[in-house]
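Asker: First the structure, which I've put down as structure tokens, then a few questions once you've had a look.
Here, each number is a calculation from the coordinates, and none is a lab measurement. Predicted, not measured: the structure shown is a model, and the values here were computed from it. Counting neighbours? That spans all protein chains shown, and the Cβs are built from the backbone with ideal geometry, glycine included.
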Amino acid sequence: MTEVIDRGYYDTPRECSLTDLAKEIDVSKSTASVVVHNAEAAIIKEFFAESTE
């Protein structure tokens, strides 16, 4: 996730597309998508689990 953030994927406007990110870290676009999605899901679930305790 630090790589995604550092490359500006979450900036508005985006500094880096998913395709750009995949090329930079030498994986397929689908692999990059799965990794980012899974990381986002883990972060969101953890955030909401903590906020409801």
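Asker: For a footprinting-style exposure proxy, rank Glu24, Glu50 by other Cβ within 10 Å, fewest first. Don't skip to the end; give the middle numbers.
Answerer: Working: Glu24 12, Glu50 8.
Going from least to most buried by this count: Glu50, Glu24.
Asker: Put one equal scatterer on each alpha carbon of segment 2-51, apply the Debye formula with no solvent term, and list log10 I(q)/I(0) at q = 0.32 1/Å to two decimals.
Answerer: The computed values of log10 I(q)/I(0) come out as -1.16.
Asker: Add +1 for every Lys or Arg and -1 for every Asp or Glu among the other residues with Cβ under 13 Å from the Cβ of Lys23, and state the total. Display every interim value, and only then the final one.
Answerer: On the way: positive: Arg7, Lys29; negative: Glu3, Asp20, Glu24, Asp26.
With Lys, Arg at +1 and Asp, Glu at -1, the net is -2.
Asker: What FRET efficiency, computed as 1/(1 + (r/R0)^6) with R0 = 22 Å and r the Cβ-Cβ distance, is obtained for Arg14 and His37, rounded to the nearest 0.05? Working shown, then result.
Answerer: Working: r = 16 Å, r/R0 = 0.73.
With a Förster radius of 22 Å, E is 0.85.
Asker: Counting other Cβ atoms within 10 Å of each Cβ, which trypsin sites (Lys or Arg not before Pro) in segment 22-53 have at most 13 and sit in a DSSP loop?
Answerer: Details: sites: Lys23, Lys29, Lys45; in loops: none.
When the trypsin sites (Lys or Arg not before Pro) of segment 22-53 are filtered for loop state and at most 13 Cβ neighbours within 10 Å, nothing remains.
Asker: Using helices alone, what [θ] at 222 nm do you get for the chain, with -39,500 (n - 2.57) per DSSP H run of 4 or more residues, divided over all residues and rounded to the nearest 500?
Answerer: -21000 deg cm²/dmol
Asker: Next question. If you fit an axis through the alpha-carbon atoms of helix 29-51 and take the longest principal axis of the Cα set of the chain, what angle between them do you get, 0 to 90°, nearest 10?
Answerer: Result, in degrees: 20.
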